[in-house]
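These notes are about the structure you will find just below.
Only the coordinates and a few stated rules stand behind these numbers; no lab work does. Please read these numbers as outputs of a predicted model, since none were measured by experiment. Cβ sites come from the backbone with ideal geometry, for glycine too, and all protein chains shown count toward neighbours.
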Amino acid sequence: MKIARLARRGGGGPTYGLVDGGAVATREEIGRAAGADMPESASEFMFGGWLDRIREAAGRGLPHEDLSRFDLLPPVERPGKILCLAFNYADHAGEQGKEPPDEPVVVMKPRTALRGHGADVALPPFVEELDYEAELAVVIGRDCPAGGPESADAARAGEAVFGYTVLNDVTARDVQRRDGQFTRAKGMDTFAPCGPWITTADEIPDPARLGISLRVNGELRQDSSTAMMRLKPPDIVSHLCRSMTLERGDVISTGTPAGVVLNNGSGWGYLRDGDVVEAEIEGIGTLRSTVRSRR
């Protein structure tokens, strides 16, 4: 299933629905078809066991509305953590003369950086080198205590994955260079566009065999496969919960492949006002953002 958080254009608060092509079955429609009152919270719907309860109704077919009537919000409402891996793709690490590490190198983004599909990415006036990073993001579906069973068993850790989405790990490279670390360069508001929805894990039998690409104004910049990941999603989850508790709704972005501007040797191609960025992952969807100068 593909689950989206939505806001109806022209008014109305946040809701959620099941996406099927260019159509969506909203919370209200799901409830009527299933004969149950759906929870108001998208998080409770996703992580509270409701999917199993409505699968039969979904299999019979649900009434739909045109998806174009809605704006798509970040698919996770208020993640406790957004964790991003560095150097996890062999081709990306190789561009920098590195080997992918055996343990995750992690950067944290605040949830204030989140934006949904179709939203703008702000280009602050003090940033000259705004870069993109197309990434497969894992959404955790149940709590995994630090040092718990998932930390010793990658297969069990993989079972804690609720689904997958697309994240663009936007980075201000000049700020990164000045600061000597990643937090401010990757943590600014709007620097974590995510979406367009969550594709549940049962629809992605092997997340390490997906095409991943990124285009700027239609020009292909990144074109690779998640097979280039050194650590696969179950291994990442297992490694991380050795050190910290992972909670349902946490987002783990698994790294980016080759093709970012930082590594092209010329400095050409940093994002500018009006650029349209489209990050696409096979079987999941395409995340689109537009860069807007903030003056």
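Does anything in the range 29-68 have its amide N under 20 Å from the 7 Å Cα→Cβ label point of residue 111, and if so which residues? From the range 29-68, the list is 39-50. Seen from residue 57, the other residues with C-beta closer than 15 Å to its C-beta sum to a net charge of -1, counting Lys and Arg as +1 and Asp and Glu as -1.
Per residue, the chain reaches -5000 deg cm²/dmol at 222 nm when only DSSP H runs of four or more residues are counted, each adding -39500 (n - 2.57). Between the range 69-91 and the range 233-295, the C-alpha centres lie 7 angstrom from each other.
Over all directions, average the projected area of the Cα convex hull of the range 6-127 and note it in nm². Spell out each step's value before the answer.
On the way: hull surface 45.8 nm².
The directionally averaged projection comes out at 11.4 nm².
Taking the Cβ of residue 179 as the center, what net charge do the other residues with Cβ under 12 Å away carry, scoring Lys and Arg +1 and Asp and Glu -1? Surrounding charge for residue 179 is +4. Relative to one another, the C-alpha centroids of the range 41-59 and the range 182-210 are positioned 21 Å apart.
Dividing the C-alpha radius of gyration of the chain by 2.2 N^0.38 Å, with N its residue count, gives 0.98. Note on the chain: with a GNM built from Cα contacts shorter than 10 Å, the maximum mean-square fluctuation among 270, 164, 132 falls on 270. Scalar couplings 3J(HN,Hα) for the range 208-215, obtained by applying the Karplus form with A = 6.51, B = -1.76, C = 1.60 to θ = phi - 60°, are 9, 9, 10, x, 9, 8, 8, 10 Hz; x denotes Gly and Pro. Lacking any other cysteine beta-carbon closer than 4.7 Å, the following Cys residues of the chain have no compatible partner: 84, 194.
Could you grab the Rg to Rh ratio for the range 97-193? Cα atoms only, Kirkwood for Rh.
Working: Rg = 15.8 Å, Rh = 15.4 Å.
Across the range 97-193, the Cα-based Rg/Rh ratio is 1.03.
Residues considered: 248, 60, 142. Largest GNM mean-square fluctuation over the chain, using C-alpha springs under 10 Å, is found at 60.
Which of 230, 177, 272 moves most in a GNM of the chain, Cα contacts under 10 Å? Ranking 230, 177, 272 by mean-square fluctuation puts 177 first.
For the range 202-290, count all C-alpha to C-alpha pairs, find those more than 21 Å apart, and express that count as a whole percent of the total.
More than 21 Å apart: 42 percent of the Cα pairs in the range 202-290.
What range in the chain is the longest one free of GluC sites (Glu not before Pro) that are in a loop by DSSP and have at most 16 other Cβ atoms within 10 angstrom? Looking at the chain, 129-246 is the longest stretch - no exposed GluC sites (Glu not before Pro) with at most 16 other Cβ atoms within 10 Å.
Multiplying each eigenvalue of the alpha-carbon gyration tensor of the range 2-73 by 5 and taking the square root yields semi-axes of 18, 14, 10 Å, largest first, rounded to whole angstroms. Its Cα gyration tensor gives the range 77-136 an equivalent ellipsoid, and the semi-axes of that ellipsoid, as √(5λ) in whole Å with the largest first, are 24, 17, 11. Here the 3J(HN,Hα) profile of the range 29-36, calculated from phi with Karplus coefficients 6.51, -1.76 and 1.60 at θ = phi - 60°, is 5, 4, x, 5, 5, 8, x, 8 Hz, Gly and Pro shown as x.
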